[in-house]
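Everything on this sheet refers to the single structure shown next.
Just so you know, all these numbers are worked out from the coordinates, no wet-lab data involved. Worth saying up front: this structure is predicted, and the values here are computed from it rather than measured. Here the Cβ positions follow ideal geometry from the backbone for every residue, glycine too, while neighbour counts run over all protein chains shown.
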Amino acid sequence: MRAITVQDRDAGVGGLSLTEMPYPHAAENDVVVRVHAAGFTPGELDWPATWTDRAGHDRTPAVLGNELSGVVVELGYGTTGLTVGQRVFGLTDWARNGSLAEYAAVEARNLAPLPADIEHTVAAALPISGLTAWQGLFDHGHLATGQTVLIHGSAGGVGSIAVQLACEAGAQVIATGRADDRELVLGLGARTFLDLDADDLRNAGEVDVVFDVIGGDVLNRSTELLRPGGTVVSVAMPPTVQPGNGRAVFFVVEPDRAQLADLAQRVRSGRLKPIVGGVRPLTEAADAFAGRHRRTPGKTVIQIVDAS
Ligand SMILES: NC(=O)c1ccc[n+]([C@@H]2O[C@H](COP(=O)([O-])OP(=O)(O)OC[C@H]3O[C@@H](n4cnc5c(N)ncnc54)[C@H](OP(=O)(O)O)[C@@H]3O)[C@@H](O)[C@H]2O)c1
């Protein structure tokens, strides 16, 4: 099968290649999915599990991508809950071969059934972005109705979903990003938009939760905006500055079938609109990952099986 792989840690995005790889093995409680559409995350080359398995052993050549939408074609020994022919979407394991491939072996519990009326290219934009936004805002940030949340990178894959989930939960959203993204983000429901290149972050005022996908100076300066008892949640990096009057959390998104099912229902009912910034074939996945295409808001999705 064809897949986008990496082998050399020092090669950066130039090391991505479209390679012939063996069809994956379905281990206990796995399914093999015929991948119709897949997503990737810009920071994947920096994640330890991209290069090593859970025991720390080199696992290259490694298939990139950790989210998919597709159809189950095989069940592993003892797998229950999903059937061959079923449409599914969800996360692949960080430390195994991923989703930028024609087939992927995934633990069944990492996947949720995909309703027939959601296209694979839309579903592939949901698992990492949707679960990260959900878990960051509610599981780690404990965001509540009426509170104020500052969401950085609000036009990106994670941020654009976080804005929508936070608004629907009844929070006041102050969103940040690039100047070009202002109209899009305000259209998602944010109360205020701050251009990080031009506006003063202190204009956000005091907030109950900071949700950060950028890290560095943006993350550290945001800790000063926290109300007493508030939370800074980062998915980009652990904060190097601790908030004086609240707490800071860095986490890695976890698979969650119930949360995936809820996200799918929100998409069906029109309450959540994943922003699919571009759909590219597998042959262009390396260029998309390397950011060689025109910048678009939202999530770039790789389509592996043509819908027609
Ligand atoms: N820990 C976890 O479990 C987890 C899960 C998901 C994602 N992540 C991490 O979260 C980050 C974001 O992921 P994503 O999929 O949302 O990426 P993305 O789609 O590229 O979104 C990032 C957004 O932030 C904007 N941005 C970045 N730096 C900025 C700056 N200095 N000023 C203004 N805007 C800036 C980007 O604009 P430009 O495109 O113009 O730069 C883009 O709109 C990545 O580093 C990823 O690795 C972590």
Notebook entry, point to check: Using the Cβ atoms and a cut-off under 12 Å, what net charge is assigned to the surroundings of residue 246, where Lys and Arg are +1 and Asp and Glu are -1?
Noted result: -1
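Stretched out fully, how many nm does the piece from residue 200 to residue 139 gain, at 0.36 nm a residue minus the Cα gap? Provide the component values of the computation, followed by the final result.
On the way: separation 61, 0.36 × 61 = 21.96 nm, distance 2.90 nm.
Answer, rounded to one decimal: 19.1 nm.
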Checklist line | Degrees, to the nearest 10: 257-268 long Cα axis against longest axis of the chain | finding: 80
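Over the stretch 129-250, what relative contact order in percent results from Cα pairs under 8 Å that are six or more residues apart?
Values: 278 pairs, mean separation 27.6, N = 122.
This gives 23 percent for the stretch 129-250.
Just to confirm the filter: which GluC sites (Glu not before Pro) across the stretch 27-78 are DSSP coil and have at most 15 other Cβ within 10 angstrom of their Cβ?
On the way: sites: 28, 44, 67, 74; in loops: 28.
Passing both the DSSP loop test and the Cβ count: 28.
Under the rule that an exposed site lies in a DSSP loop and has at most 16 other Cβ atoms within 10 Å, name the longest stretch of the chain with no trypsin sites (Lys or Arg not before Pro) of that kind, not counting the sites themselves. Intermediate values should be presented prior to the final figure.
Details: sites that count: 54, 191, 271, 292, 294, 295.
Counting only loop sites that pass the neighbour cut-off, the longest clear stretch is 55-190.
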Notebook entry, point to check: What residue among 296, 251, 198 has its Cα farthest toward the positive end of the dipole of the stretch 188-308, where the charges are +1 on Lys, Arg and -1 on Asp, Glu, each on the Cβ?
Noted result: 296
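Using the crude model of +1 on Lys and Arg Cβ and -1 on Asp and Glu Cβ, and no other charge, please compute the dipole size for the stretch 129-250 relative to its Cα centre, in debye to 20.
Numbers: 7 positive and 14 negative charges, 57 e Å.
Result for the stretch 129-250 is approximately 280 debye, rounded to the nearest 20.
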Next item on the list: Hey, can you grab everything whose amide H is under 5 Å from the amide H of residue 272? Only 5+ residues off in sequence or another chain; H modelled, so Pro and N-termini drop out.
Entry: 267
Checklist line | Amide H contacts of residue 59 (H built 1.01 Å from N, under 5 Å, at least 5 apart or other chain) | finding: 52, 53
Item checked: In order through the stretch 25-35: 3J(HN,Hα) via Karplus (6.51 cos²θ - 1.76 cosθ + 1.60), integer Hz, x for Gly, Pro -> 8, 8, 7, 3, 6, 8, 10, 9, 10, 6, 7
Note to self: Cut-off is 10 Å between beta-carbons; in what order do 140, 152, 36 appear when sorted fewest neighbours first?
What the structure shows: 140, 36, 152
Margin query: Cut-off is 10 Å between beta-carbons; in what order do 68, 82 appear when sorted fewest neighbours first?
Written below: 82, 68
Next item on the list: Please order 69, 269 by the number of other Cβ within 10 Å, starting at the fewest.
Entry: 269, 69
Notebook entry, point to check: By its C-alpha gyration tensor, with a ≥ b ≥ c as the square roots of the eigenvalues, how is the stretch 129-250 shaped: rounded for a/c under 1.5, else prolate for a/b larger than b/c, else oblate?
Noted result: rounded
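How big is the charge dipole of the chain about its Cα centre, in debye rounded to the nearest 20, if each Lys and Arg gets +1 on its Cβ and each Asp and Glu gets -1 on its Cβ?
Working: 25 positive and 36 negative charges, 98 e Å.
In total the dipole reaches around 480 debye.
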